[in-house]
């Protein structure tokens, strides 16, 4: 467990944090009964009435990059239906308090003409499927944001609005961009989401319209992070960066994550390499620590190589403790559900499935590949837990 912005005084709360960090049992009842997990949280609330403890979970998935075979497979003869592709991971997406996705191909819709690599435009119904599966927030700043121009962005944002889904990284206008995206949860914890990309595949941003895509710029990011701090308990930064198909982060990625940690960002979610890169804790200049997963890989795409078909659902828990006017926010319990895209040789029946369920029929040496992925992702985060249920 890592303590963020800790302002709580008192020996008991320090002891509680240390015990929780070690995942140990703590005796909190007069009878000496040992309690763990949610029982411990409830008992603490009852035992210490002056302290308010609330908790949420945040999950993230990687690139939703809809190549032609994927959206052709989604066509039923009368409409596009992507929901069956997500059915096997839907329970894992819907159980988090907030779930985010990197919607890499703009859902400008069929009326603009659907297109695949290198200039994507996807069916709007992909957004419906994500919402149905439990996704709450979509990231739109990536190297394909401007593929089909301003018209596709406008059509996509209109559809996200109709779905009442929060979008981040690409906006209608400057006023829209200036609104910090904050999710206010029922638990009383607010989370701000930011999203930037390294570039747009050489397509210039239309003059006078920088709001169409957030580009990585440390000066602008610093200002945005400061504003987010004023409006939310927690900041989650999504960065589209790194080298494609490289399984380890490069120095530029590490530098940007260090910059984010120094600004007080609580978590960084990476996209773009199309393969998984490890998770880690990065210490900020004030001693706080930022949770990062350098790349979440592809979630749903038609990329063919082994590691391009592996993504994940990355989840962490946020605990907010309030004692009078003092508050602390803890980021802890990181978990990962590695996922795999299956499909038939005739480019049909695309599905995102939990990797732990794969058999050798679906992937040769499935168990060995799964074990290797777990070792790879835990390289710098040995406490990373894997969902296997």
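Structure data summary
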read-out: Any hit, region 292-309, residues being in contact with a helix residue (DSSP H, G or I) (Cβ under 9 Å, 6 or more places away or on another chain), buried (at least 21 other Cβ atoms within 10 Å of the Cβ) and free of Cβ contacts under 8 Å to residues at least 40 places away in the same chain; value: yes
read-out: Yes/no for residue 60 being at pLDDT 60 or above and either under 28 Å from residue 184 (Cβ atoms) or surrounded by 14 or more Cβ atoms within 10 Å (Cβ to Cβ) (or both); value: yes
read-out: Residue match in region 370-384 (condition: within 30 Å of residue 234 (Cα to Cα), assigned to a loop (DSSP other than H, G, I, E, B) and in contact with a helix residue (DSSP H, G or I) (Cβ under 7 Å, 6 or more places away or on another chain)); value: yes
read-out: Strands (runs of 3 or more DSSP E) (entirely within region 121-216) containing at least 1 residues that are buried (at least 23 other Cβ atoms within 10 Å of the Cβ); value: 137-139, 166-168, 190-197
read-out: Strands (runs of 3 or more DSSP E) lying entirely in region 272-312 (those with 3 or more residues that are over 15 Å from the mean Cα position of the chain (by Cα)); value: 276-283
read-out: Complete set of residues in region 177-200 that are more than 13 Å from residue 141 (Cβ to Cβ), touching a residue at least 12 places away in the same chain (Cβ under 8 Å) and more than 20 Å from the chain's Cα centre (by Cα); value: 188
read-out: Hits in region 85-111 (condition: farther than 11 Å from residue 126 by Cα and part of a helix (DSSP H, G or I)); value: 90, 91, 92, 93, 94, 110, 111
read-out: Where residue 252 falls short, out of the listed (1) assigned to a loop (DSSP other than H, G, I, E, B); (2) more than 29 Å from residue 325 (Cβ to Cβ); value: (1)
read-out: Residue within region 313-324 that is without any contact (Cβ under 8 Å) to a residue 60 or more places away in the chain, under 19 Å from the mean Cα position of the chain (by Cα) and not in a loop (DSSP other than H, G, I, E, B) present; value: no
read-out: Residue in region 236-255 that is assigned by TED's automatic domain parsing to the domain that holds residue 167, farther than 24 Å from residue 307 by Cβ and in contact with a strand residue (DSSP E or B) (Cβ under 6 Å, 6 or more places away or on another chain) present; value: yes
read-out: Boolean, residue 353 is in a strand (DSSP E or B) and farther than 30 Å from residue 189 by Cβ; value: yes
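Conditions tested, residue by residue: (1) buried (at least 17 other Cβ atoms within 10 Å of the Cβ); (2) more than 30 Å from residue 283 (Cβ to Cβ); (3) modelled with pLDDT of 95 or more; (4) not assigned by TED's automatic domain parsing to the domain that holds residue 67.
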{"position": "316", "(1), (2), (3), (4)": "yes, no, yes, no"}
{"position": "326", "(1), (2), (3), (4)": "no, no, no, yes"}
{"position": "345", "(1), (2), (3), (4)": "no, yes, no, no"}
{"position": "349", "(1), (2), (3), (4)": "no, yes, yes, no"}
{"position": "356", "(1), (2), (3), (4)": "yes, yes, yes, no"}
{"position": "363", "(1), (2), (3), (4)": "yes, yes, yes, no"}
{"position": "370", "(1), (2), (3), (4)": "yes, yes, yes, no"}
{"position": "373", "(1), (2), (3), (4)": "yes, no, yes, no"}
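For (1) within 24 Å of residue 270 (Cα to Cα); (2) assigned by TED's automatic domain parsing to the domain that holds residue 144; (3) at pLDDT 95 or above, each residue gets a yes or a no:
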position: 34; (1), (2), (3): no, no, no
position: 39; (1), (2), (3): no, no, no
position: 102; (1), (2), (3): yes, yes, yes
position: 121; (1), (2), (3): yes, yes, yes
position: 125; (1), (2), (3): no, yes, yes
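The values are calculated or read from the model by the stated rules, or taken from the named source; none is laboratory data. On a predicted model such as this, the values are computed, not experimentally measured, just so you know. Ideal geometry is used to build each Cβ from the backbone, glycine not excepted, and the neighbour counts take in all protein chains shown.
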